1. Only one residue in 96, 57, 66 is under 24 Å from residue 148 (Cα atoms) and exposed (fewer than 14 other Cβ atoms within 10 Å of the Cβ), so which one is that?
2. Considering 14, 87, which residue is touching a helix residue (DSSP H, G or I) at 6+ places or on another chain (Cβ under 9 Å), free of Cβ contacts under 8 Å to residues at least 40 places away in the same chain and either surrounded by fewer than 19 Cβ atoms within 10 Å (Cβ to Cβ) or not in a helix (DSSP H, G or I) (or both)?
3. Is it true that residue 66 is more than 14 Å from ligand 1 (Cβ to nearest atom) and over 30 Å from residue 10 (Cβ atoms)?
4. Filter the range 118-138 for residues that are in contact with a helix residue (DSSP H, G or I) (Cβ under 8 Å, 6 or more places away or on another chain) and more than 9 Å from ligand 1 (Cβ to nearest atom) and give the result.
5. Could you name every one of the helices (runs of 4 or more DSSP H) located completely within the range 134-245 that has at least 3 residues being in contact (Cβ under 8 Å) with a residue 24 or more places away in the chain and within 16 Å of ligand 2 (Cβ to nearest atom)?
Ligand SMILES: C[C@@H](N)C(=O)N[C@H](C)C(=O)O
Ligand SMILES: [Zn+2]
């Protein structure tokens with residue numbers, strides 16, 4: 001169990017909705033391209049309150065950097081997708097170490113899984129401990145400039161390494177590495193200004209209203225108690241049949 005999972009949840013019932021087309025969209029979506037089981041759901045859904053805050057964060061960005069956009073890599077993630085991606089990441093990690101997923105010893109599997117879970121949340125079906133993205137309140141993002149070029153943050157989203165830690169480049173001496181830290185700080189600035197919290201291990205992961213957000217607020221703001229506003233979105237909207245609007249060509253990265 002992760003420490004933030006002790007936070008109680010009182011779901012406010014906001015619906016999931018597609019993010020606006022003003023964002024730069026990761027396409028094809030990385031996990032859909034791997035065959036992750038989305039069913040009729042879109043990875044570009046967020047709870048409406050979270051979606052509106054993300055929009056405000058992008059508007060704020062554009063007051064500082066004209067024409068820049070938030071690039072959305074991932075947002076809503078049903079629990080079966082979380083399970084699929086944890087298993088996929090474990091297989092990839094095993095392969096990178098010259099191991100075969102099917103022939104891992106119990107100890108090897110435990111060690112690899114510990115590395116995976118440093119970055120990925122447990123795909124829990126328990127309504128008291130939903131994975132952050134399954135609440136529709138978490139989003140993985142980066143920045144693109146006015147020429148639609150992705151900003152170099154010093155490591156790729158989802159990289160399983162220390163370079164993913166938000167302050168990894170804080171004490172770097174080269175000008176390039178210092179720029180990685182400055183851009184990570186810019187991303188944090190626009191998101192924190194709109195109430196988001198950043199994952200302690202991932203420069204790209206932000207959330208508003210989930211258990212991790214509430215727990216980080218508790219720690220940082222010294223609040224006496226904290227309650228999450230969003231639980232597993234599928235438990236609330238399991239009967240909804242969201243309409244997927246096509247993403248315009250202009251927003252699709254080739
Ligand atoms: C690994 C990354 N894509 C991510 O989303 N991590 C968080 C912690 C999660 O799995 O919820
Ligand atoms: Zn994330």
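1. 66
2. On the way: 14 fails: free of Cβ contacts under 8 Å to residues at least 40 places away in the same chain.
Result: 87 is the single residue among 14, 87 that is touching a helix residue (DSSP H, G or I) at 6+ places or on another chain (Cβ under 9 Å), free of Cβ contacts under 8 Å to residues at least 40 places away in the same chain and either surrounded by fewer than 19 Cβ atoms within 10 Å (Cβ to Cβ) or not in a helix (DSSP H, G or I) (or both).
3. Details: more than 14 Å from ligand 1 (Cβ to nearest atom): yes; over 30 Å from residue 10 (Cβ atoms): yes.
Taking the combined requirement at face value, the residue satisfies it.
4. Within the range 118-138, 124, 125, 127, 128, 129, 130, 135, 136, 137 meet the criteria.
5. Working: elements: 175-192, 211-221, 233-236.
Per the criteria, 175-192, 211-221.
We did not get these values from a lab; they are worked out from the coordinates using the rules stated. Keep in mind that what you see is a predicted model, and the values were worked out from it rather than measured. Please note: Cβ atoms are built from the backbone with ideal geometry, for glycine as well, and neighbour counts cover all protein chains shown.
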